[in-house]
1. Condition first: closer than 28 Å to residue 83 by Cβ and surrounded by 19 or more Cβ atoms within 10 Å (Cβ to Cβ). Can you find one or more residues in the range 202-214 that meet it?
2. Output the residue which, of all residues in the range 71-89 that are in contact (Cβ under 8 Å) with a residue 60 or more places away in the chain and assigned to a loop (DSSP other than H, G, I, E, B), is nearest to the chain's Cα centre (by Cα).
3. Identify the residue in the range 199-208 that is assigned to a helix (DSSP H, G or I) and touching a residue at least 12 places away in the same chain (Cβ under 8 Å) and, among all such residues, is farthest from residue 168 (Cα to Cα).
4. Scan the range 38-56 for residues that are under 15 Å from the mean Cα position of the chain (by Cα) and surrounded by 21 or more Cβ atoms within 10 Å (Cβ to Cβ) and jot them down.
5. Which residue out of 145, 140, 125 is in contact with a helix residue (DSSP H, G or I) (Cβ under 9 Å, 6 or more places away or on another chain) and either over 29 Å from residue 185 (Cα atoms) or touching a residue at least 60 places away in the same chain (Cβ under 8 Å) (or both)?
6. Go through the residues of the range 60-70 one by one and say whether even a single one is under 30 Å from residue 145 (Cβ atoms), assigned to a loop (DSSP other than H, G, I, E, B) and modelled with pLDDT of 95 or more.
7. Please state which one of 177, 172 is in contact (Cβ under 8 Å) with a residue 24 or more places away in the chain, closer than 24 Å to residue 2 by Cβ, within 14 Å of the chain's Cα centre (by Cα) and assigned to a loop (DSSP other than H, G, I, E, B).
8. Give me a count of the residues in the range 90-107 that are surrounded by fewer than 17 Cβ atoms within 10 Å (Cβ to Cβ), touching a helix residue (DSSP H, G or I) at 6+ places or on another chain (Cβ under 9 Å) and either more than 17 Å from residue 66 (Cα to Cα) or free of Cβ contacts under 8 Å to residues at least 12 places away in the same chain (or both).
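The values are calculated or read from the model by the stated rules, or taken from the named source; none is laboratory data. Just so it is clear, the model here is predicted, and its values are computed rather than measured. Cβ placement follows ideal geometry from the backbone for every residue including glycine, while neighbour counts extend to all protein chains displayed.
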């Protein structure tokens, strides 16, 4: 893939406290892999490279509102997210309690997300962007190539990869600007993601490689 700021965007999924902060509700599951991959610093480097290169940056967040807890069924991790109140907000029209919460952006990344230029999509609700306006926001900007990172690798990032591919985008995944849960019974989500990234993505890059191509 060749990147050009006219037709390529950097998309970051779920750069939120519940995934990336040691105080987040999933840290016991994802923290070791976040630290091993240097994920936080790599996501920040992706923001910096995109901004300095004039690339559009889009964030696809994950939020749950009180009404979402009225759902009557869910998959394994989906049910867990509701049970532990992951990404919870007080309502779709209220920011009460948002600042510093698990749903809030990681503090070190706020300067890039709140600069008035980064596009923040409507929230996705399970894993992928089928329920939000990511593709619309990209298409309206003439984007047909995506450089993808964020959390978590085998769930939301992989789901975004699959949906974007189905929508006709070329997608490069930045393999160390993400991380995943490593669970004693469910297995190593990061290892699973790397296999699927290799099968699915147009290109799989390290942060260093992605930054060089963005330059």
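1. Narrowing the range 202-214 to residues closer than 28 Å to residue 83 by Cβ: none.
Scanning the range 202-214 turns up no residue that is closer than 28 Å to residue 83 by Cβ and surrounded by 19 or more Cβ atoms within 10 Å (Cβ to Cβ).
2. Kept after step one, since they are in contact (Cβ under 8 Å) with a residue 60 or more places away in the chain, are these residues of the range 71-89: 76-77, 85-87.
In the following step, the residues that additionally are assigned to a loop (DSSP other than H, G, I, E, B) were identified as 85-87.
On the way: 85: 18, 86: 15, 87: 13 Å.
Among those residues, the one meeting the criterion is 87.
3. Pass one, the range 199-208, residues assigned to a helix (DSSP H, G or I): 199-200, 207-208.
Narrowing further to those that are touching a residue at least 12 places away in the same chain (Cβ under 8 Å): 200, 207.
On the way: 200: 13, 207: 24 Å.
Residue satisfying both the conditions and the ranking: 207.
4. Across the range 38-56, the qualifying residues are 39, 42, 43, 46, 47.
5. Answer to the check: 125.
6. Of all residues in the range 60-70, those under 30 Å from residue 145 (Cβ atoms) come to 60-63.
Right, trim to assigned to a loop (DSSP other than H, G, I, E, B) and you get 61, 63.
Add one more test, that the residue is modelled with pLDDT of 95 or more, and what stays is 61, 63.
Among the residues of the range 60-70, at least one is under 30 Å from residue 145 (Cβ atoms), assigned to a loop (DSSP other than H, G, I, E, B) and modelled with pLDDT of 95 or more, which makes the answer yes.
7. Working: 172 fails: assigned to a loop (DSSP other than H, G, I, E, B).
None of the other options fit; the residue is 177.
8. Kept after step one, since they are surrounded by fewer than 17 Cβ atoms within 10 Å (Cβ to Cβ), are these residues of the range 90-107: 90-100, 107.
Restricting the remaining residues to those that are touching a helix residue (DSSP H, G or I) at 6+ places or on another chain (Cβ under 9 Å) gives 90-92, 100, 107.
Imposing the further condition that a residue be either more than 17 Å from residue 66 (Cα to Cα) or free of Cβ contacts under 8 Å to residues at least 12 places away in the same chain (or both) reduces the set to 100, 107.
The qualifying residues number 2.
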